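The values are calculated or read from the model by the stated rules, or taken from the named source; none is laboratory data. Given the structure is predicted, the values throughout are model-derived calculations rather than measurements. Only protein heavy atoms, including side chains, enter the accessible area calculation; ligands, DNA and RNA are left aside. Shrake-Rupley method; radii C 1.70, N 1.55, O 1.52, S 1.80 Å.
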Amino acid sequence: MPVHYSIALPDPAKARGSDPRLSFTANGADEFAAQLQAALRTPELFERWRNIQDDPDEVDPALGATDPEATVSGQQADLRINLSVSTHLPGDVFKQRLRLLAGHHWELRDVR
């Protein structure tokens, strides 16, 4: 059974990770949703992150898990963006991907 997350990006302009090679480049709700969905469905973001680590071969391969059925939708709500996520990925993998993309500029609103 998938887990459903409600995520808020209170200031979308600041929703960027510490490394521009890995962070969101999006500007609108649909773009943020598409970039997060790709990060959950494919290994691309994980591989980019792994390849810049000091010892890529020592990275736990479990962090590279993907969920080809993950879905993300975005909605603009005043100045914030709300993302609804459905995924089978473990919570720690999901949060790591979100931190790479948005840094600490996101809020977990609900988990079901």
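A convex hull fitted around the alpha carbon atoms of region 9-98 yields 87 Å³ per residue. On a per residue basis, the convex hull of the C-alpha atoms belonging to region 71-112 measures out at 82 Å³.
Solvent-accessible surface of the chain, averaged per residue with a 1.4 angstrom probe and all protein chains in place: 56 square angstrom. When the solvent-accessible area of the chain is split by element, carbon and sulfur atoms take up 49 percent of it, the probe being 1.4 Å. Gap in Å between the Cα centre of region 65-112 and the Cα centre of region 29-52? Going from one Cα centre to the other spans 11 Å.
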